[in-house]
Structures are given as structure tokens and as C-alpha cells.
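Peer 1: Here it is, the structure, as C-alpha cells.
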Amino acid sequence: MLATRRKFLFIVGFLALPALIYVVYVISPYVQAFQIAFTDWHGASQTQNFVGFANFEALFADSTFWHAIGHNAILLVLGPLIVLGLGMFFAFLLTSGGRKGGVGGSKVYRVIIFLPQVLSLVIVAVLFQSVLKTDTGGMINGPLIGLGAQPIGFLTSPDLALWSVLGVLVWQQVGFYVVLFSAAMGNVPLEIYESARLDGANRIQMFFRITLPLLWDTVQTAWVYMGIAAFDVFAIVWVLTVDQGGPDGSTQVLSTEIYRNAFVYSKFGYASAMGVVLFFVILIFAGVVFGLTRRERVEL
Amino acid sequence: MNLDRRTFIRGSALAGLLAVPVVGGCATGGGGGGNTAVTGKVTPDNPLGMAVDTPVKVYIFDGGYGSEYARSVHKPMLEGKHKGAKVDIQVTKEINKVLQPQFAGGTPPDVVDNDGDNKMDEGSLSGDGQLTDLTRLLDAPAWDVPGKKVGDLLDPSAKEFGTYNGKLVEVLYTLNSYGIWYSQKLFRERGWQVPKTWDEFVKLCQTIKGSGMAAYTYAGKYPQYQMEPMLTMAIKTGGLEVMKNIDNLEDGAWKAEPIKQAAAAWQEIGAKYLMEGTAGISHTESQTKQNNGQVAMLPCGSWIENEQKKSIPPGFDYGVLPVPSLTGSDKLPQTAIHSIPIGGFLVPAKAKNPGGGLEYLRAMLSKEGATRYSAMTASMTVVKDAIPEKQSPGLASTVQMHTAAGENAFSWRFEYWYKQLFDAVKSATNELMAGRMTPDAFCDQVQQKADQLKKDPSVKKYHR
């Protein structure tokens, strides 16, 4: 009893300061955002007027807001699916794709795949501006134009722009999940695979019957992480896309609209209302993910 | 207390969830607090009551004009005139992010150069009573012209555009004129004539295209660059009424015939003479391509020469032409231009040394301060007749264009008053130029946004 208590105090002692910083700099702004959402604050005055639910009413009648939500939804569904799928696939290849462990050169691949994660999002967006350019300077369109084909308007066509954003997001994110899944796979005892192999299981069976179930917790967490990344995408959209969310609003997402309303239109109250909605949407999303993916846990 | 790894990972996932950025992180500052103003004695030498022992804190926007002019011209002028005075120059590229918390906390500096994409919204600031009325400054004696007041030296547009809610709250310092820019050297060498009418412009585009060079481009990534000549053309065709109706959010303002005509005219350029890849490039890319001889003409403001000074090839010789006249019966003459003072300098109401802030502006608005600024930045200022003797080709061309325009220099306000409407016009402009939207649809879509805005009670309305 005493030992447990001592351990408890020991842990609390370490956590108190970070928790305090967290409360002051993360939690309290949240609470404040809730308060600002009910005011008409313009961002500079020291007082604000309470306006009730006016911001929320205007928000739900705003077609831009619904467009943004729709774009977020697309990223939210496809982003995790593609990233986690690819991440799992690469991680499997790197850890147990070959005869003995990973495929040939897996150490090199590991570095290459993880590299984008080291770059800041803004740098990634700037890089992809050049990659996706529509003139001869574009990495993809340059050769295409050289071959006499029409350039593809990755960022300039409203039908393609959101997919380009998704592509960049996947490229940037996948490395992290490869490492995450590789580490988790490394924790699976080799004996289990050996006995499965003796029982005549092939690689696909081993993946779905052994690896995936044992990794389920990690997948769950990864899903939430990736979902949050898909909700954010601010830096990529703001730096990469034409007209910061264009063309013609085709890549607007909630985070860019929050920024625009607060810092361009000086509608801090309205922007905070958006933030509050975003908060609840993410909360619901996390609940749904944890609820949907709940399974019997396999303890090792 | 068994903290296993998985619980920990899950815990950190939730932490990550809570860390999604939400606006409002900064405190709204509560009630009073902040600066207490210090003032000096008003004397003929110190007409605005600057507190000499308190440093004058100035925030300069580090954009196309840099900040060197503040350090090497205006600061020494003020410190030279008032023994013991100190000017503290701070520089930032993000005026809003840096200054919004200072305003909210009641500790703003004495002068803010409110400029750039991330500037603060003057309408909101003045509506909240955060800005000093600058009438006192205009009535003060001019710095270096005996017998004149500061206000006597200013271009009338400075007063008009710096006024919000009936109060002059901002000194817009740089007088910017828009037009279509080209290389005088290139035009000389190829024997191309500067076009005055739209027909001449289209023919020239044809000639240029035939010579193997792209005729026209703009910053597709920032479509306001193309919105500018298109609206200018519509206003030249239909007269100032077109502009006033837009600014006053009159019903059907955007459906006016001249706007449709201008949209159709520019759409043709978009379809036939636009440089390949225009839709995705930034302003710097478009300007650099012009410097490299890949494209002949582009629309821009007169800051271009200063902005490009590092990449202008020797002898490029920037020249600027007014947006050509669309019809033979245009309401405004061919020389009419869109011209507006930009780069607003303001004194916060809660400044610590408000007299010092005003005195700094008085130094800026002197003949000496303006002429030296003009020479450093290749730009005109709102101070009349303060043009340096030695002018760069772009500045000389701008001065010439501005002088020729005379009374016919105009500017719209909606871009600054109604940012949402501005954004709507911007994105519709790109759709129009890419041929994805007809001129009619362009007018309809923008009109719809204007109507929506007019009905929105949370948006402050202005009238001119």
C-alpha cells in the first residue's frame, strides 16, 4: 500500500510541472476559445460583447463552412486509409518481407521513407509547389510537356487540387507510420511466426492472422493521429494551393477558414466558433475510431 | 499504477488530439491595464508634445520596401532634431501576429507600419477606438517647409483613404500606381509600340506571341494581380459610378455592363495570350520570368521595380502603361489610372508616447524624409513634389503616368472594407481567366457574395 503510494507521489512529482504548463498554455486557451465564440471580438479591443449563439447560427448557414467540412471529411476518410495502409505494407516489407527479416536494402528504404517526416510541413509544401508546377519547370509536367502532352493542372484545376493536397499529405505522413508499425512489429516474438510457418501459413495469412491483430492497439492510436493530421493540413493548404484554399475554394478546410476569419477578416468570435465546432468534431471522430476499432486485446 | 506502454501511447494520442490548434490562444487582455501615456511640453519646436526622454517605439513592416529607410532616414531625422530622443525600430513580416496581442494587452508601440498580407484591419481597430485621430498631426507646422502645415503637403488621396469611421487614423505613405509593366529596352529593340486602346493591346499580344515569346502573364497564385487591371478597365469604360456602386454594395453593382465587357475582354487574353503555367505561379515567379525575357507584359503596382531590384538585368528599363481603353466611348480618358496610397502608418490610441509617434510621422511627411524615402525605394510618396532628382527608369515612368493621369486617378475601397468580397472576386478572376467561368457567371457569383455581405449584420458597412 505504502509502496504504491510512494510510487504515485513519485510520478506526480515528475508530472506536476508539465501538467501545469499544459493547463496554462493548452487547456486554458481552449476554454477561452469557447468564451470568445460567444462574443463579437475583433481581436484588438480589451472588451467584448456577448452575442449568444449568433456566431454559430451564422456558421451553420455559411456555405463556405460546409464546403470546408466536406473537404475535411474527404481527407479524414481517405488520408488514414491510404497512409495507414501504405505504412503497414511498407513496415511489413521492411520487417518480414524477405526470407530473413526485411526485404533487401530495407535499412536504406527505412531512411528514405522516413525522410519527409524530418522536413517541416512548410518546406514540404514549398517543395511540392515546384514538383506540381504546370509549366516546363514542374517535375511532373516538365517531362510531360517535353513529350508533347498537355500539362496537368495539379494545383490549378479545381477538380484535382484537393487530390494533390491529399497526395502531399500522404507522402509527408507515411514515413512516421512505417517507423511506428515497424517498431510494433519488432515487438512480436519471432517464435509465433516460426510456429505459424511450421503450420504452413503463407505470408499473407501471417500478416492478417498474426501481425495485424497484435498491432491493433498501435493501429488505433495511429488512426487518431492521422485523423488529426488530416483535420489540420493547414500548412500544406496555405502554402501549396493557389489563392490559399483555391482554386475557387476547392481546397478550403476548416483550419484555413479559421485562420482567414480570425486574422484576415478580424472576426475572432466567428473563428473561435469554428474552432469550437472543430473541437467537437475531432472529439466525436476520436470516440468513433476507438469505438469502431475496439477488439479483444491480445496480451503477450 | 501500472502504466504500460499501450496506455501511454493512447494517452499521448489524446494529448495530441487536444493539441490541435484552435484560435484564441492569446489572452484577450482583461479590462484596463497597459500603457500610461507620457507627454512632453508643447513648444514651437515640439508641436505635438513628444516626451523626449521616452523612446519612440516604431514597428516597421519588412516587405517590398524593406526597413532600411526607417533606420537610415527617419530615425536619424527625429533623433537629430530632438536632443536626447531615441527611436527604437522593430521590424517584422507579420504585423498582425506580432501586434494583435500588444493591442489586446493594452501595450502597443507608438507607431505601426500596418502593411503586408498580414496587416491589421484598420476598420475594426478604429471601430474599437484603438487608433489616434491624426487631425492634430495635419494641423501641425510642416517639418521643413516654413509657413505650411503638414496637411498642406499631402496628396488629397492620403486623407481620403486614411479615414475610417469619419476619423483620419492612418497616414498612407507610399503612393502606388497600377499599370501594365514592360521592358522599355525590349519594346525599343523589337519596335513594339506602347498600346493605348484595347485593339492595339490585343494586336500587340498577337505580334509578341508570333515572335515566340509569351505576351502576358499574372500571378495566378494571387489572382488579385489580375483582378486589378480588369476592374480598372471596367471603371474606365463605365466611369466612377461603376466603382462607387461596388464600394457601396449597391444592388446589381457587379452586373453592370462595363464589368461584363471587361471580363469578356480579359477572358480572351486568358484564352489566347496567357503564358503557359500562369495559373500556378506566384507574383515573384511571374516577375522573374519577365526579367528573364520569357514574357513581355504583366500587371503590377509601382512597387515592382524595388521588389525586383536584385533580379533586374542591366538595362531592362522598366516601363509602365495605363490599362488600355476598351471602347472608343470610355467615360474616363485613356490616361486614367488606378492609384492608391498604401502602407498605412498609425499611432495606437494606447501608445506610451503618442506625441512621439506623431512627431515620427511628421518627420516622415517632411520634404526631406519623403524625398530620401522615394530615392531608396523607387516609389512615390503622398508628399507632393517630393520626387528625387535622379530617378530609376520605373520610377520615372510611374511619375510620368501619374502626372498624365492628373485628376483621373481613382481607387476602389471594397478591397479594404470587405475582405470577404475581395476574396470572392479574386477566386472568380482565376476561374474567368482559365475559361471555367463565363463573364456572366463571374458577375453573378460575385454579386451573390456582395448581396450576402450586405445582409450580414456582423460586417461593418462603409459608404463613400
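Peer 1: Could you work out the mean count of beta carbons from other protein chains within 10 Å of each residue's beta carbon in A:245-251?
Peer 2: 5
Peer 1: What does the highest-first list of B:412-424, B:446-458 look like by mean Cβ count within 10 Å?
Peer 2: Result, highest mean first: B:412-424, B:446-458.
Peer 1: Looking at segment B:219-321, which GluC sites (Glu not before Pro) are DSSP coil and have at most 16 other C-beta atoms within 10 Å of their C-beta?
Peer 2: Here the sparse-neighbourhood loop sites are B:E250, B:E276.
Peer 1: Net charge within 10 Å of B:G343 by Cβ-Cβ distance, Lys/Arg positive one each and Asp/Glu negative one each, not counting B:G343 itself?
Peer 2: -2
Peer 1: Mind checking A:34-45 for the average number of partner chain beta-carbons within 10 Å of each residue's beta-carbon?
Peer 2: 6
Peer 1: Give me the inter-chain shielding for B:429-442: mean count of other chain Cβ atoms within 10 Å, whole number please.
Peer 2: Shielding by partners across B:429-442 averages 2.
Peer 1: Could you work out how far apart the two model spin labels at B:R188 and A:M139 are, taking each label as a point 7 Å from the Cα in the direction of the beta carbon, and quote it in nm?
Peer 2: With each label point 7 Å from Cα toward Cβ, the separation is 4.3 nm.
Peer 1: Checking understanding here: applying a Kyte-Doolittle mean of at least 0.0 and a length along the axis of at least 20 Å (C-alpha), which whole DSSP H helices in chain A pass?
Peer 2: What comes out of the filter, once short or polar helices are dropped, is A:2-22, A:63-96, A:161-186, A:216-232, A:268-292.
Peer 1: Would you list, by chain and number, the lysines whose Cα falls below 23 Å from the Cα of B:K272, excluding same-chain residues fewer than 8 positions away?
Peer 2: Filter leaves A:K133, B:K196, B:K203, B:K209, B:K221, B:K260, B:K289, B:K426.
Peer 1: Tell me the relative contact order for chain A as a rounded percent, counting alpha carbon contacts under 8 Å between residues six or more apart.
Peer 2: Value for chain A: 27 percent.
Peer 1: Output the antiparallel fraction of DSSP beta bridges having both residues in chain B, as a percent to the nearest 5.
Peer 2: Restricted to chain B, the bridges split so that about 65 percent are antiparallel.
Peer 1: Here is a further query. Quick check: from the Cα gyration tensor, does chain B come out rounded (a/c under 1.5), prolate or oblate?
Peer 2: oblate
Readers should treat all values here as calculations from the given coordinates under stated rules, not as data from a laboratory. Quantities reported herein were computed from a predicted structural model and do not represent experimental measurements. So basically every Cβ, Gly included, is an ideal-geometry build from the backbone, and we count neighbours across all protein chains shown.
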